[in-house]
Structure formats: structure tokens, C-alpha cells
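Notes to accompany the following structure.
Just so you know, all these numbers are worked out from the coordinates, no wet-lab data involved. Here the structure is a predicted model, which means the values were calculated and not measured. When we count neighbours, we look across all protein chains shown, and the Cβ atoms used for this are built from the backbone with ideal geometry, even at glycine.
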Amino acid sequence: MEEIDRQAKRWDQWAPHYDALSTGRNPQHDASRLRQLAPPGPALELGCGTGLVAIELARLSTDVTGLDASPKMVEAFNAKTGALPARALVGDMTRIDLDQRFALIFVVASTLFTLTSQEDQVACFEAAARHLAPGGVFAVEARVSDWQSGQVQGTSVREVGDEHVRWSAMQHDPVTQTVRSQEVLTTPQGVTMLPLVIRYAWPSELDLMARLAGMRRQAQYGDWQGGPFKGDSTRHLTLYTLDPSDDR
């Protein structure tokens, strides 16, 4: 629980900058794809952030609930909803306690990895399974790690402009599969530092987490367009459903 609180504080720092830094994604397409892959009914996003995908899903006439540990992320989400059927709640995605089942539960943009222990990631799968409606889909979209076992640390320049520089510094622990990083934005107004800690997991590891939670893999894609997942895929979108043979 202490680590969840620390992560919430980190993401509170990200909240004012998150939308501007979330480049390279197409939330409208992602929302449409999720709607195609799941049966009709309400949706729940875990680690919803500012609602980039969830709000687009609400625009498709889906009742959407978002859950995030960061109060400032939730505040930013709810400021966007207007009359849309969407709301965000402050909560821990390892301990979901909602009096509702959902046709679609989803966690995208590698947000599952913000749970920094294997135990918490397993708990998230179990919580999702408890809230999944019969026939519903749990969708997990995440990066496939390209960290090599000998690579301990590194820096990467993200953007360079006339009045700003954005770069990141990373430290990798291959034993715990964790990466600690700082996203640094330097402008004439000063320096902004945005901390991030993740624990990555391999697709096969996520499949095992699903099995432990009473779910099974339904489908797996290498991108949002439905392309095959291959050895050189950099991301995956995997769908899980309740296992009918599991009697828990």
C-alpha cells in the first residue's frame, strides 16, 4: 500500500503535463478498437490517468468508469467529461471494490507496469476477474521490454527546441525487472522533473497471472490494428476472458 501511495504522488506530478507528453498515440482509434473487441456494456479503465482513451470510449455511448491512484489525474479526467457517460474515481487497481461488473475492463499504455511488484500485478488480475461480467473482456496493452540483462542505465534525448530540451535518465534492475527514470523538461521558466518507476512483465508472465486469476487468453495482437504478435513486436494487446472451467 505504501508503494501505491508513492506512485500516486509521482503521478500527481505528471498530471499537469501528461496530455502534452502523451504523443504518438491515437486515443480515438484505440477506443473504437476496444469497443469492437468487447461485448456491449459498461467499461472500466484501470490506471485511467487523464482519460485520454476512456473519454473517447464514452463518446461512443459507452458508460465508462475510470480508476486511478492519483487524485490530480482523477481531477483532470473529471474536468473533461461534461455530459458524457464517464466518471473517474480515486482508487487502487489491486484492490478494486465496485458494486458492478463490466463487459470491458482495460489497462493500456503499459500502465499495468506502474504496479512495481509481481504480487501487485497478480492482485490486479484477480481484482479485474472479480469485476468482469460473464462473456466480458479484460484487455491489457503494454510494451514488450527491450532492456538487455547487461544494460543497467542510460539516457535518451526526447525533444530539442529553441527554448526547451526534454530528456530522460533511466536505471534498470534486471533482477527485479524494474526501471526507475526521470523525465526532465528544461525551459526558460525552469526545470521540471517527472519521476517514474515501473516493473515490466513479459507477455507469457501476464498469461500466467491471468491463469492464476481464473482467466484465459482469448486473443493477442501485435498492434492496435489487429496485426499478429511476433518475435519482433514492440507492443502487444492481449484479451483475457473468464475461464469457464474455473469454479472459483
*In nanometres, what is the gap between the two model label sites at Ser245 and Arg95, each 7 Å from Cα along Cα-to-Cβ?*
3.4 nm
*Among Leu104, Leu212, Leu115: highest mean-square fluctuation, GNM of the chain, C-alpha pairs under 10 Å*: Leu212
*asked:* Let me check against my output: what whole-number percent is the relative contact order of the chain, with C-alpha pairs under 8 Å and at least 6 apart?
replied: 16 percent
_Please check: in the Gaussian network model of the chain (C-alpha springs, under 10 Å), which one of Val165, Val64, Val108 has the largest mean-square fluctuation._
Val165
*By DSSP, what percent of the beta bridges with both residues in the chain are antiparallel, rounded to the nearest 5?*
70 percent
*Can you put Ile96, Ile4 in order of Cβ neighbours within 10 angstrom, beginning with the fewest?*
Ile4, Ile96
*Of all DSSP beta bridges located in the range 153-198, what percent are antiparallel, nearest 5?*
100 percent
_the range 153-198: translational diffusion in µm²/s, Stokes-Einstein, Kirkwood Rh over Cα pairs, 37 °C, 0.692 mPa s_ = 290 µm²/s
*Calculated FRET efficiency for the pair Gln118/Phe229, C-beta based, R₀ 22 Å, to 0.05*: 0.50
*Separation of alpha-carbon centers, the range 180-248 and the range 90-137, rounded to whole Å*: 12 Å
*Fewest-first sequence of Val197, Val53 by Cβ atoms within 10 Å of each Cβ*: Val197, Val53
*May I ask for the net charge around Thr116, where only other residues with Cβ less than 14 Å from the Cβ of Thr116 are counted and Lys, Arg are +1 while Asp, Glu are -1?*
-2
*Cut-off 12 Å between beta-carbons: net charge of the residues surrounding Thr186, Lys and Arg +1, Asp and Glu -1*: -1
*What's the local net charge at Leu237, with K and R +1, D and E -1, over the other residues with C-beta under 15 Å away?*
+2
*Give me the lysines in straight-line cross-link reach of Lys80: C-alpha distance below 16 Å, same-chain residues under 8 apart excluded.*
Lys72
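Quick one: of the DSSP bridges fully inside the range 66-168, what percent are antiparallel, nearest 5?
Numbers: 4 of 12 bridges.
The answer is about 35 percent antiparallel.
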*Could you give the length gained on full extension between Ala20 and Arg211, defined as 0.36 nm per residue of separation minus the Cα-Cα distance, in nm?*
65.1 nm
_Estimated [θ] at 222 nm from DSSP helical runs (n ≥ 4, -39500 (n - 2.57)) normalised by residues in the chain, nearest 500_ = -7500 deg cm²/dmol
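To two decimal places, what compactness ratio does the chain give when its Cα radius of gyration is scaled by 2.2 N^0.38 Å?
Ratio of Cα Rg to 2.2 N^0.38 Å: 1.00.
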